[in-house]
1. Would you mind checking the tilt of helix 72-83 against the longest principal axis of the Cα atoms of the chain, expressed as 0 to 90 degrees and rounded to 10?
2. Going by average Cβ neighbours within 10 Å, how do the peptides 229-240, 8-19 rank, with the highest at the top?
3. Applying a 10 Å radius around every beta-carbon, put 204-212, 65-73, 112-120, 171-179 in order of their mean neighbour count, most first.
4. How would the stretch 1-92 be classified by its alpha-carbon gyration tensor: rounded, prolate or oblate, with rounded meaning a/c under 1.5 and the a/b versus b/c comparison settling the rest?
5. Across the chain, what fraction of all alpha-carbon pairs, as a whole percent, falls in each successive 5 Å bin from zero upward?
6. Given +1 on the Cβ of Lys and Arg, -1 on the Cβ of Asp and Glu, and no further charges, what dipole in debye does the stretch 11-242 carry about its Cα centre, rounded to the nearest 20?
7. Helix 202-211 versus the longest principal axis of the chain: what is the Cα-based angle in degrees, 0 to 90, to the nearest 10?
8. By how many degrees, 0 to 90 and rounded to 10, does the Cα axis of helix 20-31 deviate from the longest principal axis of the chain?
Amino acid sequence: MSHVLSLEGKIALVTGASQGIGETIARRLAACGATVLVAARNQEKAVAVAASISEAGGSAEAVPLDVTCPSSVPELFKGIAERHGRLDILVNNAGITDDGLLLRMSKESWDRVLATDLTGVFLVTQEAVKLMMKKRVSGRIVTVGSVVGLMGNAGQANYAAAKAGVVGFTMSLAREIGSRGITVNVVAPGYIETAMTDTLTEEQRKALAGKIVLGRLGNGEDVAGAVLYLVSDLASYVTGTVLNVSGGLLIP
Ligand SMILES: NC(=O)c1ccc[n+]([C@@H]2O[C@H](COP(=O)([O-])OP(=O)(O)OC[C@H]3O[C@@H](n4cnc5c(N)ncnc54)[C@H](OP(=O)(O)O)[C@@H]3O)[C@@H](O)[C@H]2O)c1
């Protein structure tokens, strides 16, 4: 009997899977049977993640990807089409921050964050949708947004704009391709313990936890579980939605 969370036979691309949340998502999807393409710029790290997934009995391969580079994206998809012939799952996870108050924010900082966190999602998703439609797969697209895109955060106008942007992008695309059996959703984490949050002092961490209804920062597994739900058969009637995974930091 096949389990509803089984991803056996599925090909999944996870961007920004060389560390942090993306790495945990890649491990979780592989543990459920998917063949996972571990995509990032740093190939040394991506290869190490793929190797450790394989050692654990999963199926994974490292692929080079810079989501800000218009030639890197079609190159990757050419390789996917040649080697695997299909793509079932896309997780847009690659993201960066470059914080600063608006009055001091450079145009360069604005452009850099938007290029990775919003335009990168557009470039990768467009290629993924082409391949999914060509092969008529019941595809799953999940983008890792942020609650910051829903509630704002002082010092993150660029990041919040990009993360709000992926919500509108997702809702529009869900309407465009629902008839093809492809679902498109956002997972919006709150504060998650990764390299991105490593710089927080113990005091800042305590203050943050105090604002979170569940009383703790999240971890990669908290986000990966939400992604797994959305790419599984359990969520086959869920599209155009934002799943808030913030432990109650945001309760609208
Ligand atoms: N940590 C949090 O509290 C938190 C909260 C809400 C949302 N998020 C979101 O969750 C996602 C993952 O965050 P994280 O905390 O795990 O961050 P992280 O540890 O800094 O990892 C970011 C990943 O993105 C990749 N990446 C960055 N720029 C890229 C590019 N141009 N092309 C391809 N890959 C790129 C990095 O690999 P390379 O450098 O090798 O390319 C890395 O694998 C992001 O979208 C972030 O906005 C995080």
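Nothing in this text is a laboratory measurement; each read-out follows from the coordinates by a stated rule. This one's a predicted model, so the numbers in the text were calculated from it and none came from an experiment. In this analysis, Cβ positions are derived from the backbone assuming ideal geometry, glycine residues included, and neighbour counts consider all displayed protein chains.
1. Relative to the chain, helix 72-83 is tipped by roughly 30 degrees.
2. Numbers: 229-240: 16.7, 8-19: 24.3.
Ranking, from highest mean packing down: 8-19, 229-240.
3. Numbers: 204-212: 13.0, 65-73: 18.1, 112-120: 21.0, 171-179: 14.6.
Sorting 204-212, 65-73, 112-120, 171-179 by mean packing, highest first, produces 112-120, 65-73, 171-179, 204-212.
4. On the way: a/c = 1.93, a/b = 1.35, b/c = 1.44.
Judged from the Cα gyration tensor, the stretch 1-92 comes out oblate (a/c at least 1.5, b/c at or above a/b).
5. Taking all Cα pairs of the chain, the binned fractions are 1, 7, 14, 18, 21, 17, 12, 7, 3, 1, 0, 0 percent.
6. Values: 22 positive and 22 negative charges, 136 e Å.
That gives the stretch 11-242 a dipole magnitude of about 660 debye.
7. It is inclined by approximately 80 degrees.
8. For 20-31 against the chain, the angle is about 30 degrees.
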